[in-house]
1. Give the aspartates and glutamates whose C-alpha is closer than 17 Å to that of residue 43, dropping any in the same chain fewer than 8 places away, or say none.
2. Quick one: ranking 43, 101 by accessible area, 1.4 Å probe, largest first, what do you get?
3. How large is ³J(HN,Hα) for each residue in segment 118-128, as worked out from phi by the Karplus curve 6.51 cos²θ - 1.76 cosθ + 1.60 (θ = phi - 60°), to whole Hz, x for Gly and Pro?
4. Please state the relative contact order of segment 69-200 as a whole percent: Cα pairs under 8 Å, 6+ residues apart?
5. How much length, in nm to one decimal, is gained on full extension between residue 187 and residue 130, taken as 0.36 nm per residue of separation minus their Cα-Cα distance?
6. Can you give me the accessible area per residue for the chain, using a 1.4 Å probe, in Å²?
7. Which value, to two decimals, describes the C-alpha radius of gyration of segment 15-106 once divided by 2.2 N^0.38 Å?
8. From the backbone phi of segment 182-193, what are the Karplus-calculated ³J(HN,Hα) couplings (6.51 cos²θ - 1.76 cosθ + 1.60, θ = phi - 60°) in whole Hz, Gly and Pro given as x?
Amino acid sequence: KRVAILLSGGGSNMACLVHSMTGDHPARPCLVLSNDPEAGGLKRARDWGIETAAVDHRPFGKDRAAFEAALSEPLRAARPDVICLAGFMRILTADFIAEWKGRMLNIHPSLLPKYRGLHTHARALDAGETEAGCTVHEVIPDLDAGPILGQARVPVMQDDDPATLAARVLTMEHRLYPAVLHSFVLDDRSPVSMDWPPQD
Ligand code: GRF
């Protein structure tokens, strides 16, 4: 199976996904694609010999459809079976999502359906949550709302601030996403559940 990964930043989730796709894993990365030509994840992917592309969203302004038309060119050319959004920070239109329906995953740093959208850790702390985590879900037009494929839980510590909580959740993202992708490419949709502390 061919996996395309979309990112906007450093690509730590991309790195973990890529390094999970080895040996008898049925999938391999076919493209790492970003909306930011300077995204650190692009250089990491290039260093590992993975096909990369970038379509800067800024010249398109508010014209989402035009940006997505440009983004679709390298994406279609890579012939992915699965698309993983991994720290991809652009909202995608229903038309774009429709083309990849049932084949596009996203990781979100909260225990959905709680805390859709941005600034999830600060919001969880402000709400006095004692538990937080991350979710991998299928992408549908509603933001952060598709069928949940897996979740990982972490405790919130007394002295946590958004950065310390984000770091704890990120270590679980790096384990949850590869586990969900593996099940997904084997057509296994049974939910993946992980707890703190990480096993390995
Ligand atoms: C992180 O905030 C992570 O929680 C979210 O995307 C951001 C960047 O991730 N999924 P990455 O290091 O670029 O994968």
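The values are calculated or read from the model by the stated rules, or taken from the named source; none is laboratory data. The structure presented is a predicted model; accordingly, all values stated were derived computationally and were not measured. Ligands, DNA and RNA are stripped out before the accessible areas are found, and what is left, the full protein with its side chains, is counted by its heavy atoms. Shrake-Rupley method; radii C 1.70, N 1.55, O 1.52, S 1.80 Å.
1. By straight Cα distance, residue 43 reaches 51, 56.
2. Of 43, 101, the descending order of accessible area is 101, 43.
3. 9, 6, 5, 6, 4, 5, 5, 5, 4, 7, x
4. Relative contact order here is 21 percent.
5. Separation in residues times 0.36 nm, less the Cα-Cα distance, equals 17.2 nm.
6. Averaged over the residues of the chain, the accessible area is 48 Å².
7. 1.09
8. Those phi angles translate into 4, 4, 4, 6, 8, 6, 9, 9, 5, x, 8, 10 Hz.
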